[in-house]
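Taken together, the values in this text are just the output of simple stated rules run on the coordinates, not laboratory data. Since the structure is predicted, the reported quantities are computational estimates derived from the model, not experimental observations. Every residue, glycine as well, gets a Cβ built from its backbone with ideal geometry; the counts of neighbours run over all protein chains shown.
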Amino acid sequence: MLKLGKAKHISRCLELAMLLEVSAGKPGNVTFAVAFEKTKVEHFLASAVAASGWFEEAARRGILVQNKKLSVSDVGMGNIIKECIADINLWQKGGNTLLGTVILLVPIAIAAGMTPIEKNFGFDLVRLRENLRLAVESTTAEDAVHLYEAIEVAKPRGLGEAPDLDVAHPDSKARILQEKVSLLEVFKIAASYDNICFEWVRNYPITFDLAYPYLKDQLEQGDLNAAVVHTFLKVLSEHPDTFIARKAGVEKARAVSSEAKMVLELGGLGNLEGRKRILEFDRNLRESGNLLNPGTTADLTGAALALCTLVGYRP
């Protein structure tokens, strides 16, 4: 029997996924051993705790949709993201920590709420993904405006400039409401140069089709840290990090991906040569501060971990 209720169960799964993701020693990212100038691992831990309540609220609204007590277009996904980011800012002083992760996980929480829970307290990912598409496709112009406000709260670095409806342009929010541009339509503008937006627009192909099955296989080998790090490297090797691309250029992002592929080919954390190469890779990524931080890849790894915890994985 699920004693705490479905919405709480979903939020715990997603909180656990975020904690497991930040706990792994991913090259170029904040870890327990290495921090950025203003952002440390404790800021990510506090952020995960702050976000969990909003994942529970997102799941609760998904349950209302499942029970036909709320229209999926009235879920208020954008406002949940905005309030979640505002709460995260109240709980830590390390700046933007989880904006990309929250944008990926709030729709997953809603979709999980819309999806029947199985006898083993897990979820059928095929049905969850169908509901994920429905939730994202049902977003509104109000959701888009709230997402812009969330970005204003988070103040992420390396955002870049959009070709239309740029978040920094003073007229963008008014135009979105006037022209009734949904949040999904806004993300279509950026999908070619931002992998978070790409996931939304294509129904999470990196998360479901690449990262999750690879992570699942890696977890079966028993080493959690290695499984998360190798999945991070796998995603990075096949999808150049768009956070790096916006800050340092596409060619640099591709070079980082080539190095990630080489590390995996050497065996990653599975042998001495691979471990030495990972340490060298990590040093290279940190030479320019956090300019080469593969932050978007970390967000995608967190989303894959969320799928694992939702289907029943426990460390």
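Quick rundown of the values:
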| read-out | value |
| --- | --- |
| Largest-first ellipsoid semi-axes for segment 7-125, taking √(5λ) over the Cα gyration tensor eigenvalues, angstrom | 28, 16, 10 |
| Rg/Rh ratio calculated on Cα atoms of segment 211-315 (Kirkwood radius) | 0.98 |
| Given charges at beta-carbon only (K, R positive; D, E negative), |dipole| of the chain in Debye | 620 |
| Qualifying GluC sites (Glu not before Pro) in segment 1-91, DSSP loop, other Cβ atoms within 10 Å at most 16 | Glu37 |
| Kirkwood Rh (inverse of mean 1/r, distinct Cα pairs), segment 38-187, angstrom | 16.0 |
| Cα gyration tensor shape of the chain, rounded if a/c is under 1.5, else prolate or oblate by comparing a/b with b/c | oblate |
| In sequence order, calculated HN-Hα J values of segment 265-272 (Karplus, 6.51, -1.76, 1.60; Hz; x Gly/Pro) | 5, 7, x, x, 7, x, 8, 5 |
| Residues of type aspartates and glutamates that Lys93 reaches as a straight line, Cα spacing below 13 Å, ignoring anything fewer than 8 places off in the same chain | Glu37, Glu42 |
| Sequence of Glu259, Glu251 once ranked by neighbouring C-beta atoms within 10 Å, starting from the fewest | Glu251, Glu259 |
| Trypsin sites (Lys or Arg not before Pro) within segment 1-78: DSSP coil, no more than 10 neighbouring Cβ in 10 Å | Lys3, Lys38, Lys68, Lys69 |
| Reach of Lys247 by Cα under 17 Å, taken over lysines that are not fewer than 8 positions away in the same chain | Lys155 |
| Hydrodynamic radius by Kirkwood, which averages 1/r over all alpha carbon pairs of segment 276-315, in angstrom | 12.0 |
| Sequence-distant lysines (8 or more away, or on other chains) whose Cα lies within less than 26 Å of Lys68 | Lys3, Lys6, Lys8, Lys82, Lys119, Lys180 |
| Separation between Cα centres of segment 168-237 and segment 246-291, rounded to whole Å | 21 |
| Computed helical MRE - 222 nm, the chain, DSSP H runs ≥ 4 contributing -39500 (n - 2.57), nearest 500 | -20500 deg cm²/dmol |
| Per DSSP, loop GluC sites (Glu not before Pro) in segment 131-228 with at most 12 further Cβ within 10 Å | Glu161, Glu220 |
| Relative contact order computed over the chain (Cα-Cα under 8 Å; 6+ residues apart), in percent | 22 |
| Hydrodynamic radius (Kirkwood) for segment 5-48, which is based on Cα pairs only, to one decimal in Å | 11.3 |
| Fraction of the pair-distance distribution of segment 156-248 above 18 Å, Cα-Cα pairs, percent | 56 |
| Whole-number D in µm²/s for segment 114-186 (Stokes-Einstein; Kirkwood sum over Cα pairs; 10 °C, 1.306 mPa s) | 112 |
